[in-house]
1. Could you figure out which of (1) more than 11 Å from the ligand (Cβ to nearest atom); (2) open to solvent by 30 Å² or more (accessible area, probe 1.4 Å); (3) assigned to a loop (DSSP other than H, G, I, E, B) isn't true of M179?
2. Being small (G, A, S) and either on the phi > 0 side of the Ramachandran plot or without any contact (Cβ under 8 Å) to a residue 24 or more places away in the chain (or both): is that true of G110 here?
3. Taking Q364 and the conditions (1) more than 18 Å from G268 (Cα to Cα); (2) open to solvent by 10 Å² or more (accessible area, probe 1.4 Å); (3) within 16 Å of the ligand (Cβ to nearest atom), which numbered condition does it fall short on, given that it satisfies the others?
4. State yes or no: is A87 more than 13 Å from the ligand (Cβ to nearest atom), over 30 Å from S19 (Cβ atoms) and open to solvent by less than 40 Å² (accessible area, probe 1.4 Å)?
5. Out of all the residues in the range 67-79, is one or more open to solvent by less than 50 Å² (accessible area, probe 1.4 Å), within 13 Å of the ligand (Cβ to nearest atom) and either closer than 28 Å to N43 by Cα or modelled with pLDDT of 95 or more (or both)?
6. Is it the case that V219 is under 20 Å from E403 (Cβ atoms) and surrounded by 15 or more Cβ atoms within 10 Å (Cβ to Cβ)?
7. Out of all the residues in the range 187-208, which are touching a Lys or Arg at 6+ places or on another chain (Cβ under 8 Å), outside any loop (DSSP other than H, G, I, E, B) and within 26 Å of G264 (Cα to Cα)?
Amino acid sequence: MDKFVIRGGNPLLGTIKVSGAKNSALPCMAAAILTEDEIILENIPQVRDIETERKLLESMGANVELGYGRAQHRTSIQCANLSDPVAKYEIVKTMRASSLVLGPLIARTGMARVAMPGGCAIGGRPIDLHLAALEKMGATITYDHGYIEARTQRLKGAHIVFDKITVTGTEDILMAAVMAEGETLLENCAREPEVTDLAALLTAMGAQIEGAGSSTIKVKGVDKLHGARHRINPDRIEAGTFLIAGAITGGDLNVDSCNPEHLGAVIGKLESAGARIDVGRESVRVRSEGHLKPVDISTEEYPGFPTDMQAQYMALATQCDGTSIVTENIFENRFMHVQELNRMGANIRTEGRVATIVGKTPLQAAAVMCSDLRASASLVLAALVADGETILDRVYHMDRGYERIEEKLRGVGAQIRRMGDVFGKR
Ligand code: EPZ
């Protein structure tokens, strides 16, 4: 298994480029199921979860050409013939977002068979809200040996109020509604930029959608959708991770090819901590002398502070002069990075969903283990300021959502290298 070796101490200087958003690319790739025509997606990130999505679509009969190395990472997907509309357990168990094929499959074929996603490191993460909405649209849902089977003649428009704000739930049901009979009104929807990005693709395919990006979305179902070309949003979580990397190392970093509008909550906290931020059209510059003030954060749905930035922010809090409180409101078990940070000399204690970080504490290099995607990012950030050489194990977690992060960080002065075979020779 690949490891990272990171020697701390260098301020990050220069320009670092953000890739396309994993959490936009996944639903947009699943949306290709809704048409026989070709879908062309640009700015697809070269990360492991995209490979998994390719395998998933190909296992159902789709043609997928991942355009790595091509201009704009252009990717072509065609689901002309879905010979086997089943999301198999072997694939679903490696990536929960596989359940995003449920809505498009039943909308396109009237039938979907999807392995139930099991437990996850950060929480139970059920998909009951997806299923309840599909039932409201007339689908019959049955459970068969660990699989969900959803069947219908044709989905019918309905009035759906999500009990909880769910990102992939909103995306899944949006994809179901675009080809349902009649109108669907979705309320208490997720407002994440990834939902708006998906809606932009669906509209380019001929769907009729109003209100994406707000809590209420109205969809008028159509009989057929067609091919389209769409550019995926920049990854706001990767951009946020780099902003924290610049601040924690006392650097001067220009984070390029991002959308600053999507980073409001993160930028606000960094400014409150005393980092200097300059916002450009598609870039954000962060500067800090390394003297940062403690700032409390509480994770919320967009546009609040993203849960996917909580672990990274906690690493920064270990280097702030004073006590910070971090409250995780979205997932019940998202503090797996705490013990590893404490092994590096941090002073963090947790009680339920609240973590108390006492800073500033000098961090020491140690052998640490990644447990999930964002926890890995927080350990890389801590290692960038730790004294000595940190060995980070199980970086396959990181490869799921960060494109060649060691090369990008090395490009701005980090001392980081990968040990083990390079990420997935094709
Ligand atoms: C998406 O997950 C993201 N994944 C996650 O990013 C992100 O952490 C999360 O949204 C929150 O922002 C993708 O977009 C692929 P939710 P999702 O449904 O949609 C509960 C990363 O690091 N819930 O919005 O699965 C759920 O348990 C990943 O890139 C139900 O109870 O999250 C959670 O507590 C990790 N029933 C809350 O709602 C349901 O049917 C929000 O989850 C659905 C969700």
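1. Only one criterion is unmet by M179, namely (2).
2. Considered against the rule, which asks whether it is small (G, A, S) and either on the phi > 0 side of the Ramachandran plot or without any contact (Cβ under 8 Å) to a residue 24 or more places away in the chain (or both), G110 comes out as yes.
3. Only one criterion is unmet by Q364, namely (3).
4. no
5. Taking every residue of the range 67-79 in turn, none turns out to be open to solvent by less than 50 Å² (accessible area, probe 1.4 Å), within 13 Å of the ligand (Cβ to nearest atom) and either closer than 28 Å to N43 by Cα or modelled with pLDDT of 95 or more (or both).
6. No.
7. P193
Okay, residues lined up against (1) surrounded by 15 or more Cβ atoms within 10 Å (Cβ to Cβ); (2) within 8 Å of the ligand (Cβ to nearest atom):
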residue: P104; (1), (2): yes, no
residue: G123; (1), (2): no, yes
residue: L131; (1), (2): yes, yes
residue: E135; (1), (2): no, no
residue: T140; (1), (2): no, no
residue: H145; (1), (2): no, no
residue: V161; (1), (2): no, no
residue: T166; (1), (2): yes, yes
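The values are calculated or read from the model by the stated rules, or taken from the named source; none is laboratory data. Note that this is a predicted model, so its numbers are computed, not measured. Virtual Cβ from ideal backbone geometry, glycine too; neighbours counted across all protein chains shown. Ligands, DNA and RNA are stripped out before the accessible areas are found, and what is left, the full protein with its side chains, is counted by its heavy atoms. Shrake-Rupley method; radii C 1.70, N 1.55, O 1.52, S 1.80 Å.
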